[in-house]
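A.B. asks: Please read through the structure below; I'll follow up with questions.
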Amino acid sequence: MRKFIRYFLICLIAAVSSGCSSQNTAVSDVVTPSPPPTETFSPPIPTSTPAPQAGGLLNISIREPKTFNPLVNDDVTVDLMLGLVFEPLIVFDEQMKPEPNGRIISDITVNTAVPTAQITIKANAVWADGSPITATDIVYSLDTIKNAENSLYKSCVNYIAGYSSSGNKTVTINFTETYASVLYKLNFPIIPANFSEETPVGSGLYKITEYTPRKGVR
């Protein structure tokens, strides 16, 4: 009888030890990968498309514009028209995934640990009048949104802690917290630092040449 009890206890201890060992092994195998601290986003490689042709007519129904500055405008219908003149820093692909605007931006490096976004402007990016797009223009655009009483893009700066330029082609934006995709916060158009209501100049494929109150914009 004693031999049987001793044998039973030995088997029980061996079974418990084996179960704990298996459980520990299973837990130790579960590894949660850490996201990379930095990630660089670049515009897609452009495919060969026919060159744009001058001419044609595009009619857009809008309300009477109070301003041609897209960053202080608060009318969504006017924004549709201004969106053809002033380009944003990022665009969306067919799957609505944000990516840098290849006409303006060379790349955007996001650091999720800090968190920051470093924006590099293309060397050959220019406004419609031929003047270069610089870091000063992006900083001025951010200042304009931040100081605007009513702006359709106000939410883009609500979680920005600060920003600064480095040279003529680099802007660093500091965010208050880490987001799943910082690029969504860069979905705002930019304007030149010398923006003028009389002669508004953007970087888009269209430009404003004439405005007649209560009649239309050309």
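Where a number appears in this text, it was derived from the coordinates with a stated rule and is not lab data. None of these values were measured; they are calculated from a predicted model. Cβ placement follows ideal geometry from the backbone for every residue including glycine, while neighbour counts extend to all protein chains displayed.
A.B. asks: Excluding SER141 itself, what net charge comes from residues whose Cβ is under 14 Å from its Cβ, given Lys and Arg +1 and Asp and Glu -1?
C.D. replies: 0
A.B. asks: Please report the net charge: other residues with Cβ closer than 13 Å to the Cβ of ASN194, K and R +1, D and E -1.
C.D. replies: -4
A.B. asks: So, one more: Based on the mean of other beta carbon atoms within 10 Å per residue, what is the order of 90-96, 76-82, most packed first?
C.D. replies: Most protected by this proxy first, the peptides run 76-82, 90-96.
A.B. asks: Could you order the peptides 157-167, 99-109, 128-138 from most to least packed, using the average number of other C-beta atoms within 10 Å per residue?
C.D. replies: 99-109, 128-138, 157-167
A.B. asks: Treating the beta-carbon of each Lys and Arg as +1 and of each Asp and Glu as -1, no other charges, what is the dipole magnitude of the range 101-218 about its Cα centre, to the nearest 20 debye?
C.D. replies: That gives the range 101-218 a dipole magnitude of about 280 debye.
A.B. asks: How much length would be gained if the chain were fully extended between TYR206 and THR109, taking 0.36 nm per residue of separation minus their Cα-Cα distance, in nm to one decimal?
C.D. replies: This chain segment gains 32.0 nm when fully extended.
A.B. asks: If each of SER164 and LEU84 carries a label point 7 Å out from its Cα toward its Cβ, how far apart are those two points in nm?
C.D. replies: 4.1
A.B. asks: For SER106, what is the net charge nearby, where nearby means another residue's Cβ is under 13 Å from its Cβ and Lys, Arg count +1, Asp, Glu -1?
C.D. replies: The answer is +1.
A.B. asks: Do any of LYS122/LYS185; LYS122/LYS207; LYS122/LYS154; LYS66/LYS169; LYS66/LYS97 go past 24 Å between their Cα atoms, and which?
C.D. replies: With Cα atoms farther than 24 Å apart: LYS122/LYS154; LYS66/LYS169; LYS66/LYS97.
A.B. asks: Would you mind getting me the FRET efficiency between ASN174 and THR67? Use the beta-carbon distance for r and R0 = 30 Å, nearest 0.05.
C.D. replies: The pair ASN174/THR67 has a calculated efficiency of 0.55.
A.B. asks: To continue, here is another question. Roughly what would the spin-label model give for SER181 and THR199, points 7 Å off Cα along C-beta, in nm?
C.D. replies: Between SER181 and THR199, the label points sit 3.9 nm apart.
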